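Report on one structure; see the data block that follows.
The values are calculated or read from the model by the stated rules, or taken from the named source; none is laboratory data. No experiment lies behind these values; they were computed from the predicted model shown. Neighbour counts are summed over all protein chains in view; Cβ atoms, including those assigned to glycine, are modelled from backbone coordinates with ideal geometry.
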Amino acid sequence: MSTSSQYDVVIVGGGTAGITVAAQLQQSDRAPESIAIIEPSDTHYYQPIWTLVGAGVFDKEISERPMADYIPEGATWLQDAAASFDPEANTVTTKGGDTVAYNYLVVAPGLQLDWDAVPGLAESIDDPNSGVVSNYAYEYCEDTWDVMQQLKPGDNAVFTQPATPIKCGGAPQKIMYLTADHLRREGILDDVSVQFYTPGTVIFGVEKFARTLRKVVDRYGIDVNLHSELVEVRSASNEAVFRATGGDSAPSERVVPYDMLHVTPPQSAPDFIKESPLSNEDGWVDVDKYTLQHTTYENVFSLGDAGSTPNAKTGAAVRKQAPTVVENLLQLMHDGEITAPKEYNGYASCPLVTGYGKLVLAEFDYNNEPDPSFSFDTSQERYSMYALKAYGLPQMYWHGMLRGRA
């Protein structure tokens, strides 16, 4: 039986962005009278640690905690999935058929992994004997370590990046560097072909950090293939098909044999976002990139991976976006307009693991200019930054961000 309910603020999504905003709103001295979070999942995941799970450093269970433990006290958890929006009527309809009315809406559902967008990928990722792995999902990340340990002289270890925006643009490279370092430790790096395929034109979009990554690539002897997009996986023959589209030449296809194929799947906004009046022509929630307010509906805000902002989609970006949404929403709620908008500068951070115990911390803004948090040069490989990723950031996440404290 469907129901109707009304809240001051409705937040769609109980991931990093949704929970952080809810916690900060609840702690404000101008807190809304009622907040609801629409989120179907029982479990909350700290996804950045999956890179190290895939490299055998941690067990995947370290990344999960009960969702109920992180719904802020005083907020209402509607354990259902959002299905559609009617911003003219200020309502959200859930998959269960309930109507949830709001005065203000925060849209933060994350993005979806489009395994079916590459022919053969969905079938092969579910086959434990295919050699196809990915750190991009809880159920698959431990398989990466299993396959990595099976590599032997003469094998090909292939790593891909799609043409779409993705969560943490550096993640496809991180596991590649860790695999190469594992092979070095085993004494077989020179005998295994490590290959990277990306549609991009450079190894990384910020030159200060790209300089270091090029040295890392050279150190491991990695074969980097730019302008190359994965278009098919043929698991029966252990072949990956790439389309080369670089320069003025006609698109051509290349068939690459693999023994290990780590795939970063194409990604997009959830279908219910793409099909909604909130999205732009590319399917993302259409917001002002500085204020994170919707370009058409002033009582709607969005942050995190589903927003149209052109920043790197990372948890660190959410840490800077959340205070912007909270401040601007509260101004609108209490003053009727945003008179002194808080602006987000596009900050994102990508902790680029370059080996066991080594990390380059890339921090940058909308202009791809470095935006450092530390006084020392984090474009160089450092153990201290690796320790921050492995041990410090998870604690800050669970006890800081999700509690509205960081």
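Examine the range 265-276 for a residue that is free of Cβ contacts under 8 Å to residues at least 24 places away in the same chain and either more than 30 Å from VAL158 (Cβ to Cβ) or surrounded by 14 or more Cβ atoms within 10 Å (Cβ to Cβ) (or both), and state whether such a residue exists.
Taking the range 265-276 and keeping what is free of Cβ contacts under 8 Å to residues at least 24 places away in the same chain, we get 274.
Now narrow it down to the ones that are either more than 30 Å from VAL158 (Cβ to Cβ) or surrounded by 14 or more Cβ atoms within 10 Å (Cβ to Cβ) (or both): 274.
Yes, the range 265-276 has at least one match.
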Are any of the residues in the range 110-125 touching a strand residue (DSSP E or B) at 6+ places or on another chain (Cβ under 9 Å), small (Gly, Ala, Ser) and closer than 24 Å to LEU178 by Cα? yes
Taking the condition of being within 27 Å of GLU369 (Cα to Cα) and in a strand (DSSP E or B), how many residues in the range 198-228 meet it? 3
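Which members of the range 29-68 meet the condition of being assigned to a loop (DSSP other than H, G, I, E, B) and farther than 26 Å from ASP80 by Cβ?
At the first step, the residues of the range 29-68 found to be assigned to a loop (DSSP other than H, G, I, E, B) are 29-34, 39-42, 46, 55-59.
If the condition is that a residue be assigned to a loop (DSSP other than H, G, I, E, B) and farther than 26 Å from ASP80 by Cβ, then ASP29, ARG30, ALA55, GLY56, VAL57, PHE58, ASP59 are the ones that fit.
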Top-ranked residue in the range 42-66 [being in contact with a strand residue (DSSP E or B) (Cβ under 9 Å, 6 or more places away or on another chain) and β-branched (Val, Ile, Thr); ranked as farthest from GLY13 (Cα to Cα)]: THR51
Restricting to the range 25-43, and then to whatever is under 25 Å from the mean Cα position of the chain (by Cα) and surrounded by fewer than 17 Cβ atoms within 10 Å (Cβ to Cβ), can you tell me which residue is farthest from PRO66 (Cα to Cα)? PRO40
Out of the range 355-385, which residues are within 21 Å of the chain's Cα centre (by Cα) and of a type in the set (Phe, Trp, Tyr)? PHE364, TYR366
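Could you grab me the full set of residues in the range 38-59 that are of a type in the set (A, V, I, L, M, F, W, C) and farther than 19 Å from GLN112 by Cβ?
Taking the range 38-59 first, the residues of a type in the set (A, V, I, L, M, F, W, C) are 38, 49-50, 52-53, 55, 57-58.
If the condition is that a residue be of a type in the set (A, V, I, L, M, F, W, C) and farther than 19 Å from GLN112 by Cβ, then ILE49, LEU52, VAL53, ALA55, VAL57, PHE58 are the ones that fit.
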Enumeration of residues in the range 309-327 that are surrounded by fewer than 23 Cβ atoms within 10 Å (Cβ to Cβ) and farther than 21 Å from ALA171 by Cβ: PRO323, THR324, GLU327
Condition (residue is surrounded by fewer than 16 Cβ atoms within 10 Å (Cβ to Cβ) and under 30 Å from PRO87 (Cβ atoms)) applied to the range 116-125: is it met by at least one residue? yes
Would you confirm whether or not the range 4-24 contains a residue that is over 20 Å from the mean Cα position of the chain (by Cα), at pLDDT 95 or above and under 19 Å from ARG319 (Cβ atoms)? yes
Among what's in the range 247-264 and is loosely packed, with under 14 Cβ neighbours inside 10 Å and either in contact (Cβ under 8 Å) with a residue 60 or more places away in the chain or small (Gly, Ala, Ser) (or both), pick the residue that is nearest to LEU226 (Cα to Cα). GLY247
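Quick check on my filter: what residues within the range 86-115 are closer than 30 Å to HIS334 by Cβ, surrounded by 15 or more Cβ atoms within 10 Å (Cβ to Cβ) and not hydrophobic (A, V, I, L, M, F, W, C)?
As a first pass, look at the range 86-115 and keep what is closer than 30 Å to HIS334 by Cβ: 86-94, 98-110.
Right, trim to surrounded by 15 or more Cβ atoms within 10 Å (Cβ to Cβ) and you get 87, 90-94, 98-110.
Across the range 86-115, the qualifying residues are PRO87, ASN90, THR91, THR93, THR94, ASP98, THR99, TYR102, ASN103, TYR104, PRO109, GLY110.
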